[in-house]
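Before any comments, here is the structure.
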Amino acid sequence: MIHSSLFTSNSNRIKVCLRRIVTVGMALLVLSMVVRTFDFVYVKEDNWTRILWHNYYKTENIDNVFLGSSHVHCDIDPFILDEMNGMDNFNMSIPFMRLNGAYYVLKEMTVDHDIKNVYLELYYLPSTGEQGDVMSDVSLQWNWYITDHMRFSINKMQLIASMCSKDKYLDTFFPFIRYREHVFDTPYIAEQLALKTSDDYKNYKLRYENDKGEPTLEYRDKGYHYNTGVMPEYVLAYPQQIDLRTEGVMPPNTEAYLRKIIEYCQEKDINITLFINPIYEIQILSTIEYDSYHRQVLAVANEYGVPFYDFNLCKSEYLDIMHRENFADAGHLNSVGAELFTPFLWQVLSGDATANKEYFCESYEQKIMLDAPETYGLYYTYEGDMREYTIASNRETEIEYKVTILPEEGEERIVQDFSVNKEFELQNDEHGMLTIVSRLKEQPETQHTLEIKY
C-alpha cells in the first residue's frame, strides 16, 4: 500500500507538472500570436532591412562579410566581388549601423557560417558626437532595425541589453508598443494592411522602375542596393555636418565595441580589415576636422595590427570617383559608382598593406591639396532667422567666387562679386535659385558655374 501510494502521489505530481507546462506553453503561444498580429497591424517596417534579414537567413554560405552602414549596401557590389575572388560575399549592412549592433550581428553570423574575412566599414556619423553613443536614444532607434528582424538568440538578447536601459525593454521586445498613438488610427491601420498584403511585401520584393520597365532602385540578393539615381547639380546646398573639434570623436563606449569586434575576430582566427567608403566631397568639406576621426581609427587599427583604408584619402589618380554621376546623393554611390569602386576596393583589400600605402594620402587635408582646384557646392548652418552659407571648395585663397541669387519672389541680385570670400547669409524663409561662378584667382578667364536651389 505504501509503494502504491507513493507511485500514485508521484504520478499525480507529474500530471500536475505536465499540465502546468502545457498551460505555460499555450499561454506563450497565444502571446506570440497576439504580438505577431499587433506587429503586423501597427509596425511601420523598414522594408529594406526586412528583406535583407530574410535574404540572409536563406543564404547557404558566406565567406566574406562586409559589415557597416548603408554605405556598404549602396557602394559595394557583391556579385562583382564573387567573380573577382571566387568566394561568397555578403553585404550585412544596416542603415546607420552602430558598432554594438555590428558586434552582435557578427557573432550571430559566425554561428551560422564559416566566416573567413570580415570587412568593417566605419562611416563616421554613426560613431561620433552625441549620436555616436551606442546607448543613446538615437542609436536605439537604428538598432531596432536589427532586433526587429533578427531571430531569437543569445546574441540578440545580449544586443538588447547593450543598447537600451530597462525602461526601453518593452519598446524593444514588442515593436508594436512604439506605435501606440495609432491604436485607433483607422487610416494608418488601413495603410499598413494594404502594404503588408501586397504581393511585393509577401514576396520580399523591392523594385522601382522607369517608364521603360528598367530598374531604378532594387534589392538584389547578397545585400546589394542597386540604384541608378544621380545627384543633381541644383540640390548641392548641404547642411553642415558634425564639428569634430567641439563634439568630440568616437565616444568611449563606441570605441570599446570597435575593439571588441577586432578582438573577437582575432580570437576566432578571422581576418579583419577596417575601411571607410568614399563620400562626395561636399559632405567631407562640411565636416570640421574630419582628420581627427581618421586618426582615432588609425590608432586603434595600428594597436591591433589590422589594416585600415580610408577611401576619402585615396589619391584621385588611382580612384577618380568624385564626380556627381557616380553618386546617388552626397553620401552614397549609385550603381555606376559601385561598379567603379568595387574592383578597386578588392584590389586594395586583397593587396599588400605596405604596397597599398601608395594609393592613399596621410590626411584629408593633404588629399584635397593634391586635387585640382574645384568648387562642389554649399553647406550651411542656421543662425536665428538666417542661413549662414559656406562655399564648399578645396582651396582657401586660390579661387574667387561670384554669387547671384534669383528668389522665387523678387528680382535677381548679386550677393557678392568675384572675391575669395566663401561665406554669406540669406534669409531662412527665402528660396530660389543661386548661381556660383568660380574662377582661379590667377586665371580669371577660366570659369565654372554651379546652379543650386536654396
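Note on segment 156-182: residues that are assigned to a helix (DSSP H, G or I) and open to solvent by 20 Å² or more (accessible area, probe 1.4 Å) total 18. Of all the numbered requirements in (1) assigned to a helix (DSSP H, G or I); (2) free of Cβ contacts under 8 Å to residues at least 60 places away in the same chain; (3) open to solvent by 60 Å² or more (accessible area, probe 1.4 Å), Glu339 misses one, and that requirement is (2).
In segment 70-91, the qualifying residues are those that are among the polar types (S, T, N, Q) and open to solvent by 10 Å² or more (accessible area, probe 1.4 Å), and the one that is nearest to Pro278 (Cα to Cα) is Ser70.
Considering only residues that are of a type in the set (Lys, Arg) and either within 19 Å of Trp144 (Cα to Cα) or free of Cβ contacts under 8 Å to residues at least 24 places away in the same chain (or both), look in segment 92-128 and name the one that is surrounded by the most Cβ atoms within 10 Å (Cβ to Cβ). Among those that are of a type in the set (Lys, Arg) and either within 19 Å of Trp144 (Cα to Cα) or free of Cβ contacts under 8 Å to residues at least 24 places away in the same chain (or both), it is Arg98.
crowded, with 20+ Cβ neighbours inside 10 Å and part of a helix (DSSP H, G or I): does that describe Ile279? Answer is no for this residue.
Quick one: would you say Arg220 is open to solvent by 30 Å² or more (accessible area, probe 1.4 Å) and closer than 24 Å to Tyr382 by Cβ? Criteria not met by Arg220. Considering only residues that are among the hydrophobic types (A, V, I, L, M, F, W, C), modelled with pLDDT under 95 and assigned to a loop (DSSP other than H, G, I, E, B), look in segment 116-152 and name the one that is nearest to Lys168 (Cα to Cα). Here the answer is Met135.
Annotation note: Cβ proximity below 7 Å between a residue of segment 281-306 that is within 16 Å of Thr354 (Cα to Cα) and a residue that is aromatic (Phe, Trp, Tyr) and outside any loop (DSSP other than H, G, I, E, B) (sequence gap 6+ or interchain) occurs for Leu298/Phe308; Ala301/Phe308. When segment 208-265 is filtered for residues that are out of contact with any Phe, Trp or Tyr (no Cβ under 6 Å at 6 or more places or on another chain), in a helix (DSSP H, G or I) and basic (Lys, Arg), only Arg259 remains. Which residues, counting only those in segment 232-257, are within 17 Å of Leu434 (Cβ to Cβ) and of a type in the set (A, V, I, L, M)? Hits for segment 232-257 are Val235, Leu236, Ala237. The criterion of at least 1 residues that are surrounded by 14 or more Cβ atoms within 10 Å (Cβ to Cβ), in contact (Cβ under 8 Å) with a residue 60 or more places away in the chain and of a type in the set (Val, Ile, Thr) is met, among strands (runs of 3 or more DSSP E) falling completely within segment 343-454, by 375-383, 386-393, 432-440, 443-453.
The set of residues from segment 379-413 being more than 24 Å from Asp310 (Cα to Cα), out of contact with any Pro (no Cβ under 9 Å at 6 or more places or on another chain) and among the aliphatic types (A, V, I, L, M) comprises Met386, Ile391, Val403, Ile405, Leu406.
Being at pLDDT below 95 and not charged (D, E, K, R) is a property that does not hold for Gly305.
At least 1 residues being among the aliphatic types (A, V, I, L, M) and over 27 Å from Ala330 (Cα atoms) is the threshold, and among the helices (runs of 4 or more DSSP H) wholly inside segment 34-115 those reaching it are 78-85, 99-112.
Residues of segment 304-318 include none that is open to solvent by 10 Å² or more (accessible area, probe 1.4 Å), among the aliphatic types (A, V, I, L, M) and in contact with a Phe, Trp or Tyr (Cβ under 7 Å, 6 or more places away or on another chain). Within segment 283-299, not a single residue is charged (D, E, K, R), surrounded by 20 or more Cβ atoms within 10 Å (Cβ to Cβ) and either over 30 Å from Pro373 (Cβ atoms) or out of contact with any Ser or Thr (no Cβ under 6 Å at 6 or more places or on another chain) (or both). Checked across segment 381-390, the condition of being among the small types (Gly, Ala, Ser) and within 19 Å of Glu233 (Cβ to Cβ) holds for no residue.
The values are calculated or read from the model by the stated rules, or taken from the named source; none is laboratory data. Here the structure is a predicted model, which is why all the values come from computation and not from measurement. Cβ sites come from the backbone with ideal geometry, for glycine too, and all protein chains shown count toward neighbours. Each accessible area value is taken on the protein alone, full model and side chains, heavy atoms only, with ligands, DNA and RNA left out. Shrake-Rupley method; radii C 1.70, N 1.55, O 1.52, S 1.80 Å.
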